[in-house]
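Visitor: Below: one structure in structure tokens.
The numbers here are math on the coordinates, done by the rules we state, and not lab data. Just so it is clear, the model here is predicted, and its values are computed rather than measured. Cβ: placed from backbone, ideal geometry, glycine included. Neighbour counts: every protein chain shown.
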Amino acid sequence: MSQPSILILNGPNLNLLGKREPTVYGTLSFEDFFKELQNRYPSVNLIYQQSNIEGELINTIHQYGFEVKGIVFNPGAYTHTSVALRDAIQAIVSPVVEVHISQVHAREEFRHVSHIGAVSKGTISGLGLQGYVYAIDFLLNLGN
Ligand code: DQA
């Protein structure tokens, strides 16, 4: 059996993890965390992409969304604004888990709305970077 592939896709400003508001998002960069994930899942083809540009995120969802076992998606602030990202997820076949590092429901009211949740298998919010681990475990155990 070939290795399962999982896409981890991060949206705007998440390239600054480790530097950006460390009291909210922690001090680890995503690149360093990704190395930890690769060590944790040696038999999984983990793919990591990040973009600050909505259209690039859409293109990446189109590119991988018909071939990977699942997508772990942190859309950043586009969560709260982007109907186009919602439509992109609805157009693909790979299941998506929405992940937020911070607990969006304990923050400003505009963060309580997600366009992504309704088209995702589930949402993990507020568990820090550990949320990505839970999302990967969930997707790996799906019978798709
Ligand atoms: C975030 C929460 C969003 O509201 C915010 O705009 C982000 C990060 C999170 O991971 O907690 O950029 O998605």
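Visitor: Using only helices, what value at 222 nm comes out for the chain when you add -39,500 (n - 2.57) per DSSP H run of length 4 or more and divide by the total residues, to the nearest 500 deg cm²/dmol?
Guide: Helix contribution divided over all residues of the chain: -9000 deg cm²/dmol.
Visitor: Calculate one ³J(HN,Hα) per residue across the stretch 108-121 by plugging θ = phi - 60° into the Karplus curve 6.51 cos²θ - 1.76 cosθ + 1.60, and present them in order as whole Hz with x for glycine and proline.
Guide: Couplings: 4, 4, 5, 8, 7, 9, 10, 7, 8, x, 5, 10, 9, 5 Hz.
Visitor: Here's a follow-up. Mind listing the phi-derived Karplus ³J(HN,Hα) values for the stretch 124-132, rounded to whole Hz, using 6.51, -1.76 and 1.60 with θ = phi - 60°, and x for any glycine or proline?
Guide: 10, 9, x, 9, x, 5, 4, x, 5
Visitor: Oh, and also: Would you work out the charge dipole size for the chain about its Cα centre, treating the Cβ of every Lys and Arg as +1 and the Cβ of every Asp and Glu as -1, and quote it to the nearest 20 debye?
Guide: 180 debye
Visitor: While we're here: Near the amide H of residue 126, under 5 Å away, which other amide H atoms are found, from residues 5 or more places off or on another chain, if H is placed in the peptide plane?
Guide: 100, 101, 102, 103, 104
Visitor: Under a 5 Å amide H to amide H cut-off, with H placed in plane at 1.01 Å, what residues pair with residue 96 once short-range neighbours are removed?
Guide: Residues meeting the criterion, in which the H sits 1.01 Å from N, are 71, 121.
Visitor: Another question about this same structure. Could you tell me which residue out of 63, 113, 43 lies farthest along the dipole of the chain toward its positive end? Charges go on the beta carbon: Lys and Arg +1, Asp and Glu -1, centred on the Cα centre.
Guide: So the residue we want is 43.
Visitor: On alpha carbon coordinates alone, what is the Rg over Rh value for the stretch 1-42, Rh being the Kirkwood radius?
Guide: Result for the stretch 1-42 is an Rg/Rh of 1.08.
Visitor: Additional query: Please list, ordered by chain and number, the residues whose modelled amide H lies under 5 Å from the amide H of residue 48; skip anything fewer than 5 residues away on the same chain.
Guide: Those lying under 5 Å, H to H, from residue 48 are 8.
Visitor: Still on this structure: Quick one: Karplus J couplings for the stretch 24-35, per residue in order, coefficients 6.51, -1.76, 1.60, θ = phi - 60°, nearest Hz, x for Gly and Pro?
Guide: The phi angles translate into 8, 10, x, 10, 8, 6, 5, 4, 5, 5, 5, 4 Hz.
Visitor: In terms of Cα to Cα distance under 29 Å, which lysines are near enough to residue 121, apart from those fewer than 8 places away along the same chain?
Guide: Hits, sequence-local ones excluded: 35, 69.
Visitor: So what is log10(I(q)/I(0)) for the chain at q = 0.12 1/Å, when the Debye sum runs over its Cα atoms only?
Guide: Those come out to -0.43, one per q.
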